[in-house]
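> Just dropping this structure here.
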Amino acid sequence: MLVAMGGAVSPHLASGLKQELGLVRAVETGTYRGWSARRLARVFPRVVTIELSPQLHQTAMKTLRDLPNVECRLGRSVDHLSELAHERVPTLYWLDAHWSPLFEASAGEADQCPVLDELKAIGPGDAADCFLIDDARVFCASPRPPYDPEHWPTLAEIFDTIRELHPGHYLTVVSDIVIGVPAGAKHVVDEFSRHPVRHWPLAARLARYLLLGVLRRVQRWAGER
Ligand SMILES: C[S@@+](CC[C@H](N)C(=O)[O-])C[C@H]1O[C@@H](n2cnc3c(N)ncnc32)[C@H](O)[C@@H]1O
């Protein structure tokens, strides 16, 4: 089965971290349709989102034009991150520049998951910087073709890279997100991890409830055969 990369960022987690740490902006890598940028724009006064595909960048510029606090940038995430990172601008980073053939017009097949280079491009940044990296499951067990497993780092490599740059950060995985935050914000992550679903939009919770119901029926049917 082909696994789709990508889920939208949790505004609840982003907002909790912003309040706890005084974060002043969000930076997203991999704009795609602008879904997470829109969510982040409800939480932060400034959002920067970076997209490699000129076509997706153009579309996102149009879709997000009603949000004056969102800046759409075109290009490789690493090139922009080194310029954006700042020692006195506490930032939430949503790192999601992950190539997927299931995402129409997705760019980046030649470098399918640049997350280690992204972290290094950000460098030590601000001590309060937070890192949310989507698609954690792919770092726990490398993906099958057409993904190239060589392009995807392991979870340990991601943890080591964050640790090297931010020795005091608390690191964990919740709901398919690799999370690295200052140790003092651990309780925000703990609260999110206890109730990740409660913070989903109502439609998503309803869809999950119906899907789980169908899955249970299929399991029961398969068990009775
Ligand atoms: C999984 S989608 C992002 C979904 C989006 N972040 C969201 O939450 O709604 C990945 C996106 O990253 C883009 N991408 C791939 N490599 C990139 C790179 N090196 N720099 C910037 N964007 C990249 C792809 O074109 C695609 O649009």
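> Hey, does region 81-99 have a residue that's within 11 Å of the ligand (Cβ to nearest atom), of a type in the set (Ser, Thr, Tyr) and touching a residue at least 24 places away in the same chain (Cβ under 8 Å)? Explain how you work it out, then say what you get.
Pass one, region 81-99, residues within 11 Å of the ligand (Cβ to nearest atom): 81, 94-99.
Imposing the further condition that a residue be of a type in the set (Ser, Thr, Tyr) reduces the set to none.
For region 81-99, residues within 11 Å of the ligand (Cβ to nearest atom), of a type in the set (Ser, Thr, Tyr) and touching a residue at least 24 places away in the same chain (Cβ under 8 Å): absent.
> I'm trying to understand the selection: among the residues of region 144-169, which are within 21 Å of Ala85 (Cα to Cα), crowded, with 17+ Cβ neighbours inside 10 Å, out of contact with any Asp or Glu (no Cβ under 9 Å at 6 or more places or on another chain) and not hydrophobic (A, V, I, L, M, F, W, C)?
Within region 144-169, Thr161 is the sole residue that qualifies.
> Counting only residues that are of a type in the set (A, V, I, L, M), closer than 20 Å to Asp66 by Cβ and either within 8 Å of the ligand (Cβ to nearest atom) or not in a strand (DSSP E or B) (or both), how many does region 18-49 have?
Of the residues in region 18-49, 4 are of a type in the set (A, V, I, L, M), closer than 20 Å to Asp66 by Cβ and either within 8 Å of the ligand (Cβ to nearest atom) or not in a strand (DSSP E or B) (or both).
> Identify the single condition in (1) more than 15 Å from the chain's Cα centre (by Cα); (2) assigned to a loop (DSSP other than H, G, I, E, B) that Ala60 does not satisfy, given that it satisfies every other one.
The failed condition is (2).
> Among the residues of region 28-40, is any touching a residue at least 60 places away in the same chain (Cβ under 8 Å), surrounded by fewer than 23 Cβ atoms within 10 Å (Cβ to Cβ) and under 20 Å from Asp126 (Cβ atoms)?
no
> Out of Asp190, Asp126, report the one residue that is surrounded by 12 or more Cβ atoms within 10 Å (Cβ to Cβ) and assigned to a helix (DSSP H, G or I).
That would be Asp190, the only listed residue that is surrounded by 12 or more Cβ atoms within 10 Å (Cβ to Cβ) and assigned to a helix (DSSP H, G or I).
> Sticking with this one: Return a yes/no flag: does region 58-69 have any residue that is surrounded by 14 or more Cβ atoms within 10 Å (Cβ to Cβ), farther than 26 Å from Leu21 by Cα and away from the ligand (no atom under 13 Å from the Cβ).
yes
Read-outs throughout are calculated quantities, based only on the coordinates presented, and are distinct from any laboratory measurement. Quick caveat: nothing in here was measured; it's all calculated off a predicted structure. Every residue, glycine as well, gets a Cβ built from its backbone with ideal geometry; the counts of neighbours run over all protein chains shown.
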